[in-house]
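The values are calculated or read from the model by the stated rules, or taken from the named source; none is laboratory data. Quick caveat, the model's predicted, so the values are computed rather than measured. Positions of Cβ are generated from backbone atoms using ideal geometry, with glycine treated the same way; all protein chains shown enter the neighbour counts. Each accessible area value is taken on the protein alone, full model and side chains, heavy atoms only, with ligands, DNA and RNA left out. Shrake-Rupley method; radii C 1.70, N 1.55, O 1.52, S 1.80 Å.
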Amino acid sequence: MRVSDFDYELPEERIAQAPIEPRDAARLLVDRGPGESPEHRRVRDLPDLLRAGDLLVVNRSRVLAARLELEKETGGRVEVLLLEPVEGEPGTWRALVRPSRRVRAGTVVRNDELEVTAGADHGDGVRDVVLRHAGRPVDAATADGVLHGVGLVPLPPYIQRPLEDARRYQTVFASAPGSVAAPTAGLHLTAELLDELRARGIDVAEVELHVGLDTFRPMTSDDPDAHRMHSERFVVSDDVLVACQAAERVVAVGTTCVRALESAVRGIEDRTDIFIRPEWDWRVVDVVMTNFHLPKTTLLMLVEAFVGPRWRALYAEALAEGYRFLSFGDAMLLERSA
């Protein structure tokens with residue numbers, strides 16, 4: 001297996017530049033497995049597509065306004081993208097700094113409200129930085145409130161159009177600040193749709209997985225074994241695991257929920273760096289709702305691990321039928337292959 005095996009042609013015009021309104025109007029390509037023709041539905045049809053006794057699992061992680069535009073004392077511009085707090089060091093964050101090579105350790109960069117001091121260099125633009133607001137260190141507990149209105153939501157680089165409403169890059173259930181990118185499959189869900197699912201006997205559970213550095217790092221080798229997955233913070237409660245065991249089927253909304261659940265069921269706690277790819281031993285997830293992913297990514301490998309090589313036919317059909325791709329695009333509902 002090579003990374004190049006997961007390539008496909010994605011025309012630029014098929015990359016969605018803005019979210020659809022309303023959220024649940026997004027198209028949904030439904031695949032029930034080999035021998036079944038895919039269905040073309042809408043996310044709002046989920047109550048008819050799932051079954052009583054299913055458990056829908058969503059990721060409640062909230063995106064931080066983590067992209068900071070700052071200046072050196074000399075006037076040079078510096079961008080700092082906060083990735084995650086460094087445990088045990090108040091105010092210290094792991095961050096992407098651009099241009100990192102021009103920012104020596106000890107350099108202070110500022111805007112009107114924030115001060116960032118550059119620290120250790122971990123290579124590839126990743127640095128430790130100390131973040132202060134009004135002279136006080138900013139930690140994980142205070143970051144969401146401090147950064148709101150000061151920092152920018154870090155949209156993926158393939159989205160060229162400014163987002164008119166930053167709330168559209170948050171899920172309606174986002175409550176745990178910590179991600180640097182949205183768990184995008186969850187963007188399609190509304191409070192009303194979740195209520196209708198519950199009324200149909202489909203329970204909804206929440207987990208946390210804070211999206212981190214791998215969102216911004218392409219696979220640089222054609223050998224998947226050479227790719228190092230960066231660990232991400234996650235929380236899956238014992239109650240959620242019990243609910244998964246009792247459910248008829250576990251329906252994960254997005255690859256972040258997949259990784260959180262498949263980690264927790266293996267006894268992994270706090271952080272996970274699992275790399276889900278073909279021949280994965282599935283233990284808990286039965287159905288996945290996920291957006292369409294970039295070529296040659298670990299996310300596509302996860303999809304093949306779930307449904308096998310027929311993902312290619314599904315992607316080809318989605319392209320032929322005018323589906324919108326990537327973060328603000330449409331979605332798929334996939335049943336796991338035996």
Once you list every other residue whose beta carbon is under 13 Å from the beta carbon of residue 250, what net charge do they have if Lys and Arg are +1 and Asp and Glu are -1?
-> -2
According to the Kirkwood expression over distinct Cα-Cα pairs, how big is the hydrodynamic radius of region 187-279, in Å?
-> 15.0 Å
Among 79, 69, 13, determine the one that fluctuates most according to a GNM of the chain built with springs between C-alpha atoms less than 10 Å apart.
-> 13
Heavy-atom accessible area of residue 203, protein chains in place, probe 1.4 angstrom, given in Å² to nearest 10, is 100 Å²
Have a look at 111, 85, 96 and report the one farthest towards the positive end of the charge dipole of region 76-137, computed about the Cα centre with Cβ charges (Lys/Arg +1, Asp/Glu -1).
-> 111
Residues with beta-carbon under 11 Å from that of residue 94, excluding residue 94: net charge, scoring Lys, Arg +1 and Asp, Glu -1?
-> -3
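Could you look at the chain and say what percent of its accessible area is carbon and sulfur, using a 1.4 Å probe and all protein chains?
Working: 7020 of 15590 Å².
After summing per-atom areas, the C and S share lands at 45 percent.
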Length-normalised contact order of the chain, Cα under 8 Å, at least 6 apart, in percent, tallies to 25 percent
Using a/c under 1.5 as the rounded threshold, could you call region 64-204 rounded, prolate or oblate? The axes a ≥ b ≥ c are square roots of the C-alpha gyration tensor eigenvalues, and prolate needs a/b larger than b/c, oblate otherwise.
-> prolate
If 198, 42, 266 are ordered by their accessible area, calculated over protein heavy atoms with a 1.4 Å probe, which sequence runs from highest to lowest?
-> 198, 42, 266
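Which whole-number value in Å² is the accessible area per residue of the chain, probe 1.4 Å?
46 Å²
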Solvent accessible area, Å² - residue 239, 1.4 Å probe, full protein context = 120 Å²
Projecting the Cα atoms of 177, 331, 300 onto the charge dipole of the chain, where Lys and Arg contribute +1 and Asp and Glu -1 at Cβ, the residue farthest towards the positive end is 177
Net dipole in debye of the chain [+1 Lys, Arg Cβ; -1 Asp, Glu Cβ; about Cα centre; nearest 20] = 640 debye
In terms of the Cα gyration tensor, with a ≥ b ≥ c the square roots of its eigenvalues, is region 122-197 rounded because a/c is under 1.5, prolate because a/b exceeds b/c, or oblate?
-> prolate
Check: region 277-319 dipole with +1 on Lys, Arg Cβ and -1 on Asp, Glu Cβ, in debye = 140 debye
To the nearest 10 Å², what's residue 194's accessible area with a 1.4 Å probe?
-> 10 Å²
Contour minus end-to-end for residue 279 and residue 203, with contour as 0.36 nm per residue of separation and end-to-end as the Cα-Cα distance?
-> 24.4 nm
When the chain is modelled as a GNM with alpha-carbon springs shorter than 10 Å, which of 255, 290, 117 fluctuates the most?
-> 117
Scoring region 262-338 by relative contact order with C-alpha pairs under 8 Å, at least six apart, yields a percentage of 38 percent
In region 132-257, with Lys and Arg counted as +1 and Asp and Glu as -1 at Cβ, which of these residues, 158, 211, 231, has the Cα nearest the positive end of the dipole, that is, farthest along it?
-> 158
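First select every other residue whose beta carbon is under 13 angstrom from the beta carbon of residue 150; then total the charges, Lys and Arg +1, Asp and Glu -1.
After counting each charged neighbour, the total is -2.
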Here the Kirkwood hydrodynamic radius of region 121-256, Cα-based and in Å, equals 18.0 Å
Cβ-placed point charges (K, R +1; D, E -1), dipole of region 187-249 about Cα centre in debye, nearest 20 | 80 debye
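Which sequence of 296, 72 reflects their accessible areas, 1.4 Å probe, from the largest down?
These residues rank, largest area first, as 296, 72.
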How far is helix 298-307 tilted, in degrees, relative to the longest principal axis of the Cα atoms in the chain, given as a value from 0 to 90 rounded to the nearest 10?
-> 10 degrees
